[in-house]
Amino acid sequence: MASAAERVYSLIKETVEECGVELWDVRYLKEGASYYLRVFIDKAEGINIDDCTNVSHAIDPIIDEADPIKDSYYLEVCSPGIERELTRDYHFKRFIGEKIKIKLYKAMDGKKEFMGILKAFSDTVILEIDGLDITFDYKNISKANLCDFE
């Protein structure tokens, strides 16, 4: 069964795109005593508060009608940020050639964190690190973000 975030993603994707923005991701989290449904949107020229407001107003009735989440929660619509997390296949494919940082579930060569240029993506992720292409099993990556490193 799909998670609450995945159900919401499917429900709102078309509507978000009709608002002129891309649906980057949806997360359903508990922080302290409260639950949050965070909808991350993006567009080439960047997101502003009007984009967030418009999307929030457009998706709120859709989510309310479908009622995919039984708990009460706060709906937040926001930008994925500069060091956005890469969570979907198309995120990785879109940022081939960019600098990313990955964290692994299990250490590789005694390390769990690596930074490099994303060279390729499939069931593996290939990073160029110090001139060498290093292959990581996608299933071993716990987190991946765009980053800016020197």
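Where Rh is the Kirkwood radius over the Cα pairs of segment 89-146, the temperature 10 °C and the viscosity 1.306 mPa s, what D in µm²/s does Stokes-Einstein return?
Numbers: Rh = 11.1 Å.
The calculation lands on 143 µm²/s.
Once the piece of chain linking residue 120 and residue 134 is laid out straight, how much longer is it, given 0.36 nm per residue of separation minus the C-alpha distance between them?
Numbers: separation 14, 0.36 × 14 = 5.04 nm, distance 1.03 nm.
Stretched out fully, the residue 120 to residue 134 stretch lengthens by 4.0 nm.
Considering the convex hull of the alpha carbon atoms of the chain, report its projected area averaged over all viewing directions, in nm², one decimal.
10.7 nm²
Work out which trypsin sites (Lys or Arg not before Pro) in the chain are exposed loop sites (DSSP not H, G, I, E or B, at most 13 other Cβ within 10 Å) and give the longest gap free of them.
Of all site-free stretches, the longest is 1-69.
Considering only the other residues whose Cβ falls under 13 Å of the Cβ of residue 74, what net charge follows from Lys and Arg at +1 and Asp and Glu at -1? Working shown, then result.
Working: positive: 27, 30, 38; negative: 31, 60, 71, 76.
Combined, the nearby Lys, Arg, Asp and Glu give -1.
Beyond 23 Å between alpha-carbons counts as too far, so tell me which of 119/143; 70/93; 70/103; 106/143; 13/106; 119/139 fall in that bin.
Numbers: 119/143 17 Å; 70/93 34 Å; 70/103 32 Å; 106/143 12 Å; 13/106 33 Å; 119/139 17 Å.
In this structure, 70/93; 70/103; 13/106 lie more than 23 Å apart at Cα.
Which order, highest average first, do 54-64, 15-25 follow once you tally other Cβ atoms within 10 Å for each residue and take the mean per peptide? Mind dumping the intermediate values first?
Numbers: 54-64: 15.6, 15-25: 17.4.
Per-residue mean Cβ counts within 10 Å order the peptides as 15-25, 54-64.
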Checklist outcome for this item: Treating every alpha carbon of segment 4-78 as one equal point scatterer without solvent, the Debye formula yields log10 I(q)/I(0) values at q = 0.12, 0.24 Å⁻¹ of -0.29, -1.11
Checklist entry - Among 12, 141, what is the fewest-to-most ranking by other Cβ atoms within 10 Å? => result 141, 12
Next on the checklist: What is the distance in Å between the Cα centroid of segment 1-61 and that of segment 111-141?
Outcome noted: 29 Å
Item to check | In degrees, nearest ten, helix 4-18 long axis to first principal axis of the chain (Cα) | outcome: 80 degrees
Checklist outcome for this item: Given backbone amide H placed at 1.01 Å from N, residues whose amide H is under 5 Å from that of residue 81, ignoring those fewer than 5 places away on the same chain, are none
Checklist entry - Quick one: helix 49-66 against the long Cα principal axis of the chain, what's the angle to the nearest 10°, folded into 0 to 90? => result 70 degrees
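Using 0.36 nm per residue, how much length does the chain from residue 43 to residue 58 gain when fully extended, once their Cα-Cα distance is taken away?
Taking 0.36 nm per residue and subtracting the Cα distance, the gain is 3.7 nm.
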Checklist entry - Which one of 40, 121, 61 is farthest out on the positive end of the charge dipole of segment 21-146, using unit charges on Cβ (Lys, Arg +1; Asp, Glu -1) and the Cα centre as origin? => result 121
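If the viscosity is 0.692 mPa s and the temperature 37 °C, what translational diffusion coefficient in µm²/s does Stokes-Einstein give for segment 51-122 when Rh comes from Kirkwood over Cα pairs? It would help to have the intermediate numbers written out before the result.
Values: Rh = 15.6 Å.
Answer from the Stokes-Einstein relation: 210 µm²/s.
All of the numbers you see were taken from the coordinates with simple rules; none came from a lab. Keep in mind that this is a model prediction, so the values were computed, not measured. Neighbour counts are summed over all protein chains in view; Cβ atoms, including those assigned to glycine, are modelled from backbone coordinates with ideal geometry.
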